[in-house]
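Read through the structure below, which is laid out as structure tokens, and then see the notes.
The values are calculated or read from the model by the stated rules, or taken from the named source; none is laboratory data. Just so it is clear, the model here is predicted, and its values are computed rather than measured. Cβ coordinates were reconstructed from backbone atoms using ideal geometry, including for glycine residues, and neighbour counts include every protein chain displayed.
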Amino acid sequence: MAVAFQPQLTADGQSVASVEALLRWRLPDGSFISPESAVAYAEREGLIDVIGLYVLQQACTAARAWPGLVLAVNISPTHFAKPGFVDDVARVLDATWFPANRLEIEIVESAAFDDPDHASRQIERLHAIGARVAMDDFGTGYSSLSLLQRLPFDKVKIDKSFVDGIPATRSVAILHAMIALVRALGMKVTAEGVETVEQQRFLKAAGCHYLQGFLYARPLPAESIPAFLEKYKRPLR
Ligand code: G
Ligand code: MN
């Protein structure tokens, strides 16, 4: 198992704001399991918390060497719901000397769906230790507006399926509305899966704060990140 890092750029494409840690699970034949099946397998086998913490620990250790860069880490709904989850995160931050204010936890909306009050308290606990929280894959689940209303997310990541549709009229209409909604709530917006300059131009004009996708970079091994950062001005934060 290895952890790769995909950069997230400011919408002008000028600076690297953060990196998302992504699990890479290599099979004996050298190929990789898709992240979806790796996560499904780990959930079934009861390994998801351990693997989530492994990724967090590896990612914090690597990202400590990238000053100022925010580190985004995906956490499974089952792990996020556990009472000890935030303590787990705090322990990894302590053990790796990684500053909490550079950590962003990503959860999908289903992580909050069953028990929004509990999810809200978990987000508040993460805020209390100094970390931030993003809603991942927005638009693909129930896209419940009440979750956005009730939960103090810092950022919403719009799913690639909407970005793929640019410039189709319907996709453009939905993207405009989603981005305006998230901005009006005072949250940051990232668009995922940006692959073309046309998509980048539209998403920047529509008000996205950050963009992530193959147009800028695929998930990279930790060793490749310093050289990637060299190519960009560092963000002023
Ligand atoms: O939803 P989440 O951000 O956690 O998923 C990221 C996944 O999407 C990673 O597996 C990554 O390799 C993939 N991905 C990221 N950017 C792109 C892109 O621009 N195009 C495609 N096809 N896949 C992408
Ligand atoms: Mn994610």
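Against the conditions (1) of a type outside the set (Ser, Thr, Tyr); (2) surrounded by 15 or more Cβ atoms within 10 Å (Cβ to Cβ); (3) without any contact (Cβ under 8 Å) to a residue 40 or more places away in the chain; (4) not in a loop (DSSP other than H, G, I, E, B), where does Gly193 fall short? Just the number, please. Among (1) of a type outside the set (Ser, Thr, Tyr); (2) surrounded by 15 or more Cβ atoms within 10 Å (Cβ to Cβ); (3) without any contact (Cβ under 8 Å) to a residue 40 or more places away in the chain; (4) not in a loop (DSSP other than H, G, I, E, B), the lone unmet condition for Gly193 is (4). Of the helices (runs of 4 or more DSSP H) lying entirely inside the range 79-165, those containing at least 1 residues that are within 16 Å of ligand 1 (Cβ to nearest atom), hydroxyl-bearing (Ser, Thr, Tyr) and within 17 Å of the chain's Cα centre (by Cα) are 110-113, 160-164.
Do we have any residue at all in the range 170-178 that's touching an Asp or Glu at 6+ places or on another chain (Cβ under 9 Å), under 19 Å from Lys204 (Cβ atoms) and more than 15 Å from ligand 1 (Cβ to nearest atom)? Scanning the range 170-178, I find at least one residue that is touching an Asp or Glu at 6+ places or on another chain (Cβ under 9 Å), under 19 Å from Lys204 (Cβ atoms) and more than 15 Å from ligand 1 (Cβ to nearest atom), so the answer is yes. Scanning for something outside any loop (DSSP other than H, G, I, E, B), within 14 Å of ligand 1 (Cβ to nearest atom), at pLDDT below 95 and more than 17 Å from the chain's Cα centre (by Cα), does the range 1-15 turn up at least one residue? Among the residues of the range 1-15, at least one is outside any loop (DSSP other than H, G, I, E, B), within 14 Å of ligand 1 (Cβ to nearest atom), at pLDDT below 95 and more than 17 Å from the chain's Cα centre (by Cα), which makes the answer yes.
Residues in the range 15-33 that are of a type in the set (D, E, K, R) and either in contact with a His (Cβ under 7 Å, 6 or more places away or on another chain) or more than 17 Å from Val55 (Cα to Cα) (or both): Asp29 alone. In the range 184-205, the qualifying residues are those that are under 19 Å from the mean Cα position of the chain (by Cα) and β-branched (Val, Ile, Thr), and the one that is farthest from ligand 1 (Cβ to nearest atom) is Val189. On the basis of being away from ligand 2 (no atom under 16 Å from the Cβ), touching a Ser or Thr at 6+ places or on another chain (Cβ under 9 Å) and among the charged types (D, E, K, R), does Arg64 make the cut? Here the answer is yes, as Arg64 does meet what is asked. Within the range 17-36, if we keep just the residues that are under 20 Å from the mean Cα position of the chain (by Cα) and of a type in the set (Asp, Glu), the residue that is surrounded by the fewest Cβ atoms within 10 Å (Cβ to Cβ) turns out to be Glu36. Take Val55 and decide whether it is assigned to a helix (DSSP H, G or I), buried (at least 18 other Cβ atoms within 10 Å of the Cβ) and out of contact with any helix residue (DSSP H, G or I) (no Cβ under 9 Å at 6 or more places or on another chain). Spelling it out, Val55 is indeed assigned to a helix (DSSP H, G or I), buried (at least 18 other Cβ atoms within 10 Å of the Cβ) and out of contact with any helix residue (DSSP H, G or I) (no Cβ under 9 Å at 6 or more places or on another chain).
Does Val172 satisfy the condition of being touching a helix residue (DSSP H, G or I) at 6+ places or on another chain (Cβ under 8 Å), among the hydrophobic types (A, V, I, L, M, F, W, C) and not in a helix (DSSP H, G or I)? When the stated conditions are applied, Val172 does not pass them.
For Tyr210, indicate whether it is within 16 Å of ligand 1 (Cβ to nearest atom), aromatic (Phe, Trp, Tyr) and more than 14 Å from Ala134 (Cα to Cα). No; evaluated as a whole, the condition is false for this residue.
Listed here are the residues, each with its yes/no results for (1) in contact with a strand residue (DSSP E or B) (Cβ under 7 Å, 6 or more places away or on another chain); (2) more than 28 Å from Ala119 (Cα to Cα); (3) at pLDDT below 95.
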| residue | (1), (2), (3) |
| --- | --- |
| Val163 | yes, no, no |
| Pro167 | no, yes, no |
| Ser171 | no, yes, no |
| Ala177 | no, no, no |
| Ala184 | no, no, no |
| Lys188 | yes, no, no |
| Gly193 | no, no, no |
| Thr196 | no, yes, no |
| Phe202 | no, yes, no |
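Just the residues that are more than 16 Å from ligand 2 (Cβ to nearest atom), of a type in the set (D, E, K, R) and touching a helix residue (DSSP H, G or I) at 6+ places or on another chain (Cβ under 9 Å), please, taken from the range 115-150. Across the range 115-150, the qualifying residues are Asp115, Asp117, Arg125, Arg150.
Among what's in the range 204-237 and is farther than 22 Å from Cys60 by Cα and part of a loop (DSSP other than H, G, I, E, B), pick the residue that is modelled with the lowest pLDDT. The residue in question is Lys231.
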